[in-house]
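Shown next, in structure tokens, is the structure this report addresses.
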Amino acid sequence: MSIIPSIFGTGRRTNVLDPFSLDIWDPFQGFPFDSAVANPNSLARDTSAFAAARFDWKETPEAHVIKADLPGLKKEEVKVEVEDGRVLQISGERSRENEEKNDKWHRVERSSGKFMRRFGLPENVKIDQVRASMENGVLTITVPKEEEKKPEVKAIDISG
């Protein structure tokens with residue numbers, strides 16, 4: 001545990017349970033350099049936030065439903081594929097905004113970069129009927145399940 005807060009740290013808490021591990025605000029951060037040179041981890045932190053896109057996967061009696069929050073992305077910027085018969089792959093990329101020469105950025109918190117997630121699907125799904133839709137930045141993928149085959153029960157007459 002750190003007793004003294006770091007002024008040269010990464011700009012985040014190194015231990016959530018340790019109140020002294022919180023990095024403090026540095027008014028000279030990036031001075032006289034720009035933020036990318038003064039803090040090389042900031043670019044990695046921005047892209048890693050988007051690379052770790054969050055997904056929810058639930059199973060209903062009829063289908064497996066996978067949802068992802070992808071704010072700011074258009075459906076053309078996201079790719080949904082099924083590989084090797086049972087691997088669902090979701091990928092995409094959000095580009096950084098173009099910087100104009102006269103622009104002065106005060107804060108960049110929105111993430112950018114590539115992401116890719118792969119999910120192994122169970123055997124009871126209909127791969128040829130996978131559907132995907134994108135509405136208000138939420139990607140929804142529906143993978144229908146095959147109907148459970150109920151065992152045939154045949155009544156046998158008892159003689160005697």
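The values are calculated or read from the model by the stated rules, or taken from the named source; none is laboratory data. What you see is a predicted model; the values in this text were computed from it and never measured. Don't worry about glycine lacking a Cβ; one is built from the backbone with ideal geometry, like all the others, and counts go over all protein chains shown. Just so you know, the surface numbers come from the protein's heavy atoms only, side chains and all, with ligands and any DNA or RNA stripped out. Shrake-Rupley method; radii C 1.70, N 1.55, O 1.52, S 1.80 Å.
Just to confirm a number: summing +1 for Lys and Arg and -1 for Asp and Glu over residues other than residue 74 whose beta-carbon lies under 14 angstrom from that of residue 74, what do you get?
-1
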**Study point:** Where the Cα pairs of the stretch 67-155 fall when distances are cut into 10 Å bins, in %
**Key:** 13, 35, 24, 14, 9, 4, 1, 1, 0
Point to revise | Accessible area (Å², 1.4 Å probe, nearest 10) - residue 121 | key: 20
**Study point:** Lys, Arg +1 and Asp, Glu -1 on Cβ, resulting dipole of the stretch 79-160 about Cα centre, debye, nearest 20
**Key:** 360
